[in-house]
1. What number of residues in the stretch 282-291 are surrounded by fewer than 19 Cβ atoms within 10 Å (Cβ to Cβ), closer than 15 Å to Pro234 by Cα and in contact (Cβ under 8 Å) with a residue 12 or more places away in the chain?
2. Pick from the stretch 24-48 the residues that are more than 17 Å from Ala64 (Cα to Cα) and aliphatic (A, V, I, L, M): which of them is surrounded by the most Cβ atoms within 10 Å (Cβ to Cβ)?
3. Could you list, in sequence order, all residues of the stretch 185-230 that are crowded, with 21+ Cβ neighbours inside 10 Å, aromatic (Phe, Trp, Tyr) and either away from the ligand (no atom under 15 Å from the Cβ) or assigned to a loop (DSSP other than H, G, I, E, B) (or both)?
4. Is at least one residue of the stretch 67-83 over 22 Å from Arg179 (Cα atoms), free of Cβ contacts under 8 Å to residues at least 60 places away in the same chain and not aliphatic (A, V, I, L, M)?
5. Would you confirm whether or not the stretch 159-178 contains a residue that is crowded, with 16+ Cβ neighbours inside 10 Å, within 20 Å of the chain's Cα centre (by Cα), more than 11 Å from the ligand (Cβ to nearest atom) and part of a loop (DSSP other than H, G, I, E, B)?
6. Which one is nearest to the ligand (Cβ to nearest atom) among residues in the stretch 256-269 that are surrounded by fewer than 17 Cβ atoms within 10 Å (Cβ to Cβ) and either at positive phi or not in a loop (DSSP other than H, G, I, E, B) (or both)?
7. Got a number for residues in the stretch 248-276 being within 25 Å of the chain's Cα centre (by Cα) and without any contact (Cβ under 8 Å) to a residue 40 or more places away in the chain?
8. Would you be able to tell me the number of residues in the stretch 49-77 that are of a type in the set (Gly, Ala, Ser) and surrounded by fewer than 21 Cβ atoms within 10 Å (Cβ to Cβ)?
Amino acid sequence: MRVLVTGGAGFLGSHLCDRLLAEGHTVVAMDNLVTGNTDNIAHLAGNPHFSFVKHDITNYIYLAGDLDAILHFASPASPVDYLELPIQTLKVGSLGTHNALGVAKAKKARLLLASTSEVYGDPLVHPQTEEYWGNVNPIGPRGVYDEAKRFAEAITMAYQRYHGVETRIVRIFNTYGPRMRLNDGRVVPNFIKQALNGEALTVYGEGNQTRSFCYVSDLVDGIYRLLLSDESLPTNIGNPSEMTILQFAQRINALTGNHGGIIYKPLPKDDPQQRQPDITKARRILGWEPKVELDAGLEETIAYFSGRLGKA
Ligand code: UDP
């Protein structure tokens with residue numbers, strides 16, 4: 001296949017490029033580098049099956065030649081990023097998704113949309129199944145991301161139903177691993193950076209809120225299987241192993257040998273209290289489930305951040 005990866009220089013996009021190339025496909029990565037970074041794809045330079053195009057997909061996408069699939073992953077994805085880039089976040093989820101679907105339609109390519117557990121908002125159903133419609137505050141600070149992704153799902157389903165475009169929708173839950181941006185503000189880079197610097201970890205609120213962390217290789221495997229599957233309705237991919245943020249902080253301090261302790265900071269507005277994917281559907285239709293244990297994934301991630309901080 002020849003595959004376009006929007007957001008191809010980002011954390012997930014770049015890992016997807018690697019997986020696609022390893023499977024023998026040809027990849028065009030597209031990114032405007034607002035939150036992506038060419039460091040993430042530097043190792044692919046010179047690969048004849050790989051090319052990179054710097055482009056903001058909220059503008060018309062021109063791509064010559066045949067195309068078999070689009071992995072649409074372009075978007076700021078950290079709460080701190082989308083608070084700083086609210087308009088860009090809304091535009092890439094709406095205009096960017098519209099343009100990507102236009103390419104899929106014109107090229108008769110399959111499009112896989114990167115959606116998110118944020119479509120469930122601060123969920124009132126736990127764990128979250130794909131049938132749950134969510135509890136989202138449209139005008140809150142996270143609304144720019146949540147509603148952009150909800151719109152993206154809606155227009156993707158419309159292109160599928162009205163134009164017959166083959167589409168897939170993955171709802172991605174918290175994912176971590178090498179190539180996350182050190183300063184993206186999410187809990188994994190924040191805690192690891194603080195721990196490696198011997199500082200206190202900044203737990204927001206009392207740390208009772210929960211998350212379920214999936215290692216990037218597991219996530220990429222689930223997405224690749226979904227792309228090749230016949231499933232056109234949204235599918236959760238994530239790790240159901242749930243913990244409180246306080247427990248997570250304690251784990252990071254233990255793994256890094258950090259004695260800096262923990263400090264408490266205010267809980268951001270609309271921060272979801274509980275999050276755990278119900279992956280019954282992915283298990284059933286994709287034969288997929290996560291394999292990497294938290295400690296093993298964190299060791300890899302800590303090693304990566306050590307290198308970035310010059311502490312390797
Ligand atoms: N969080 C925290 N300290 C930090 C960064 C985040 O306690 O330095 C919390 C945040 O309030 C949320 C959870 O960790 O409850 C996960 O936050 P993240 O920004 O990684 O992503 P989210 O899952 O909220 O989209």
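The values are calculated or read from the model by the stated rules, or taken from the named source; none is laboratory data. Since the structure is predicted, the reported quantities are computational estimates derived from the model, not experimental observations. Positions of Cβ are generated from backbone atoms using ideal geometry, with glycine treated the same way; all protein chains shown enter the neighbour counts.
1. Summing the residues that are surrounded by fewer than 19 Cβ atoms within 10 Å (Cβ to Cβ), closer than 15 Å to Pro234 by Cα and in contact (Cβ under 8 Å) with a residue 12 or more places away in the chain in the stretch 282-291 gives 1.
2. Ile41
3. Phe213
4. no
5. Scanning the stretch 159-178 turns up at least one residue that is crowded, with 16+ Cβ neighbours inside 10 Å, within 20 Å of the chain's Cα centre (by Cα), more than 11 Å from the ligand (Cβ to nearest atom) and part of a loop (DSSP other than H, G, I, E, B).
6. Restricting to residues being surrounded by fewer than 17 Cβ atoms within 10 Å (Cβ to Cβ) and either at positive phi or not in a loop (DSSP other than H, G, I, E, B) (or both), the top hit is Lys265.
7. So the answer is 1.
8. 3
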